[in-house]
Each structure stands twice: as C-alpha cells, then as structure tokens.
Amino acid sequence: MATAPKEVENAIDLEEIHMERQEPPKGQKTFTVEEAVENIGFGRFHIVLFLIMGSTGVAEAMEIMLIAVVSPLIRCEWQLQDWQVALVTTMVFFGYMVFSIVLGLLADRYGRWKILLLSFLWAAYFSLLTSFAPSYIWFVFLRAMVGGGVSGHAQGLIIKTEFLPTKYRGYMLPLSQVFWLAGSLLIIGLASVVNPTIGWRWLIRIASIPGILLILVFKFIPESARYNISTGNVAAAMATLQKIAKINGAAVPEGVLREPVKEKRGRFKDLIHPKYLRTSLQIWIIWLGIAFAYYGVILASAELLERDLICGSATPPVQDSSDNSEESRSPCYCHLFGPTAYQTMMISTVGEIALNPLNILGINFLGRRLSLCITMGCTALFFLLLNICTSSTGMIGFLFMLRALVSANFNTIYIYTAEVYPTTMRALGMGISGSLCRVGAMVAPFISQVLMSASFIGALCLFSSVCVVCAISAFTLPIETKGRALQVCI
C-alpha cells in the first residue's frame, strides 16, 4: 500500500502523488469528485481561481487582437496587398488550429495545468521573437507559432469548469468575458499611444508582458481533481479537494473518494461515439460559424475604419482629420489609424459585455441551446443591418451590437462544450472544437479584408447566412446541459 503524502505544496506536487487503487471496505461510505465539489461549494478558492484563470483571457485577447491594430502598419512597412494582410491572420489561426488538437490530446493524457503552463511559455517566447521579425515571411511564421501557444489557453477554462459547482458555472464562466474585454481594450489603448510614437514592434513586446506575469502565479492553482481521479490518481484528487475545502472553510463529504473505472483517454473516436456523434458534428459547425462571425466583425471594423468602405463607398480612403502626424500622411499604400479610429474600435469593443447580463439570464433560464439560437439569429440580422447607409454614429451602434452578440455566442458555446463532454475527453473535445473554430477564423480575413473590398453586401450576406445555419444547429442540439452534472466517463 502506498503511503499518504506529507504535504501538498502546488500543482506539480499534486500530479506526482500516486496511490494504488483500492476497493473500499464493504459498507463504507464513498463519494465522487462531483459530490465533493458540490459539498465544498463556492468560496475564496474559486474567487482566486476565477481571477487567475480568467486573466488568461487578457493575455489571449491582447495576442489575438494585436493583428487588427498592427495590420495598417505592416501593410505600409512591407507594401503588402490585401491578400497578404489577410494571410497574417489566417496563419495565426492555422497555428491555433493545429496546436489546439495536439494540446487537447496532451492535456487529457498529462494534465490541464502542465499544458496551460507550456502554452504560456511558448506564446510569450514566440511573441517576443515576432517583435524582431526582419521580413514579412518571418512575421507570418512567428505569429503562427504564437497562435499555436495561445490555443492552449483554453485549458484555463477547463480547469475553472471542473472546479466550479454546477449552479455557479452558468454565472461565473460568462463573467470571464470581462477579462477578454479588458485585454482587447488594453491592446487598442496601447496601440493608440505606442504605434504613433515608438512603433508596432514595441507594442508587441509590451503585449507579451501579461502572459509572462501570469506564468508566475500559476503555481497557486492545483491540477484538476476531476482529471486526477479520472487517471486513477486518487490521493492527488483527495489532497486537492481537502486543500480547497480548507481554503473555503468547508469540508469534504464523509467516506472514501471513489475512483471510477479507468478508461482510455483522449481518443478521437470517442467524440464520434454514437452517443456523441450528432452533438459533436453540430458543435463543430457552430464553433466554425461563431469564429467566422466573431473575427469577421473585428476585421471588418478595422477595414471599415481603414478604407471607408461603409455604404459601398468606392472613393479613395479619407485621412482621419484628427491625425496630422507625418506617419498618417505616408505616401505608401496604407491608411494608418488616427485617434478617432482607435476611439471607435474601443467603443465597439465595449459591446462585448453589453449583453452579458442578458446572456447570463438566457443561459441559466432558457438553457444553453435556446439562448445560443436566439443570439445567433440576432447576429445574422445585424450583419445585414450593417449595409444600411447611416452616419458614423449609426455604424458604431451596429458594430457595438454585433460585438455584443458574437461575444454572447462564444460565451454560450464555450460553456456548452465544456459541459457536454465527460472528463475523459473534455480537453480533447474542447481542443477539436477550438481547432475547427479556427478554420472559420482562417477564412474570415479573406472575406473581411478581400471580398468586402469588392462586394460589401456580398460579404455581409455570407456572414449572415453562416449565422443562420449556426442558429438552426444550436436549436436542434440533442443534449441540454443546463443544471446537468459534469460527466466523468462515456
């Protein structure tokens, strides 16, 4: 029989503790991780968990949104054509797509915590290297590597999901959007100051700082107890639950922690098991469509501001009258953002939390499926409304609502995907979904930055049609996860 550990210091220690599987004596009380999590309830540990894991959204948003605010500058510096600017974003999400699958597999086999740490180290390293890119080719390659690292940040959401009691998941997870919003606003605000003064290379270096700082605080978060128990590491799971209970001033249930039957982990064929086949296919369609719409809105906003494409205008780009710097009057094929453009981007970005209260109510009272169906349908409508010729205030209003709706879509599908799959394949399920999601993100730049220049209404109709398909898929999902306990095995 293995001896019990003396003390558990951090997540690494927890991962190293192993105990031989034992059958509890007949008649002895037992409990599951799910029951322990519910019994411990919500407390100080979860607040710290929310702040640290939620902050991964700040780092991710800054790295992803970075492309939107540096595109005009690299277009000018390297004399890029439309398709070359679009290719930068596409390659970021190509890296994200490939690594999302790989890191999802590794997380189900070796743990969420280790992969999350690895992804942050990887993203920070290649982000810093990007700031020294000597050419366009190097810039594209290095940003693709950054996208690969950022894909592992999804493990932070999984860790949060696996530690939260059932009734709090529908409330706490959507609030994580505040961190993404903070990161988006921070990178736009920094760009408005850094780009015109010390340049985009310094902007990239500054943007990597939050990710580096987060690496230093990950040691305060343990490995998921659900993951440990699913791999047979009962002692580590028990130590984690006891530690959380102590922090929250609660207690674990009486008895012995019950270990589920061990199953092979992280297999793709489990995602297409008859029990989950239809659900998986529809989830993948929704993820692809939501990413297509979300990044389409972001890049379309930047394109509208850079090229003045609103109302199908074919006139030459008009310089921002409030920006009289030498850089904004550059003779090369580019139009750099001025203060007004940055202000517009910030206002529309704030829209990402505008519907959060309604989104949370919808998720918890209407359910995940119906809530997602409604927001996707409204997204389709507002894409078409964007074609209406209106004032700059009207355009900002439409962009504001679009950002609010596409953000609500992402909130809901993240929660649904994390809840619908069992622990043995949850990280892989998120990884595959995130990977297919990036297919949509890879296509979006060529619609927002290339097709939109040729046919404004054509691009908007395409975005709208995809959203309608997603709304139908959401409404017909076979499993509703509202109030449903997280599953351990298939």
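The values are calculated or read from the model by the stated rules, or taken from the named source; none is laboratory data. Everything quoted here is computed from the prediction, not taken from an experiment. Backbone-built Cβ (ideal geometry, glycine too); neighbour counts: all protein chains shown. Side chains included, ligands, DNA and RNA excluded: accessible areas come from the protein's heavy atoms. Shrake-Rupley method; radii C 1.70, N 1.55, O 1.52, S 1.80 Å.
Below are the figures for this structure:
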quantity	calculated
Solvent exposure, largest accessible area first (probe 1.4 Å, DNA, RNA and ligands not counted), of Glu38, Glu480	Glu38, Glu480
Area of Glu254 that stays accessible when all protein chains are in place (1.4 Å probe, Å², to 10)	140
Which of Ser435, Ser55 is most accessible, then next, and so on - probe 1.4 Å	Ser55, Ser435
Magnitude of the charge dipole, region 29-262, Cβ model with Lys/Arg +1 and Asp/Glu -1, debye to 20	380
Amide H partners (placed H, <5 Å) of Thr30, local residues excluded	Val256
Rg and Dmax of region 21-155, Cα atoms only, in Å	20.7, 76
Distance between region 405-447 and region 241-258 - C-alpha centres, whole angstrom	32
Given Lys160/Lys243; Lys219/Lys269; Lys219/Lys243; Lys29/Lys269; Lys243/Lys482, the pairs whose alpha carbons are separated by over 26 Å	Lys219/Lys269; Lys29/Lys269; Lys243/Lys482
Stretchable slack from Arg109 to Ile198, in nm (0.36 nm times residue separation minus alpha-carbon distance)	27.6 nm
FRET E, pair Leu366, Leu51, Förster distance 41 Å, beta-carbon r, rounded to 0.05	0.90
Hydrodynamic radius of region 29-262 per Kirkwood, over alpha carbon pairs, in Å	19.0
³J(HN,Hα), Karplus 6.51/-1.76/1.60, whole Hz, each residue of region 353-360, x for Gly, Pro	10, 4, 9, 4, x, 5, 4, 5
Relative compactness, region 344-398, computed as alpha-carbon Rg over 2.2 N^0.38 Å	1.31
Share of Cα-Cα pairs in region 396-476 lying beyond 22 Å, as whole percent	35
Exposure rank, largest accessible area first [Leu281, Leu87, Leu299; 1.4 Å]	Leu281, Leu87, Leu299
Translational D in µm²/s for region 74-152 (Stokes-Einstein at 4 °C, 1.567 mPa s, Kirkwood Rh from C-alpha pairs)	99
Estimated FRET transfer efficiency when R0 is 22 angstrom, pair Trp83-Phe132 (beta carbons, to 0.05)	0.30
Label point distance in nm, Ile472-Val350, each placed 7 Å from Cα along Cα→Cβ	3.8
Region 119-176-region 468-484 distance, computed between alpha-carbon centres (Å)	26
Spacing of the two label points (7 Å from each Cα toward its C-beta) at Leu121 and Ala251, in nm	4.1
HN-Hα J in Hz across region 97-102 - Karplus 6.51, -1.76, 1.60, θ = phi - 60°, x for Gly and Pro	4, 5, 6, 4, 5, 4
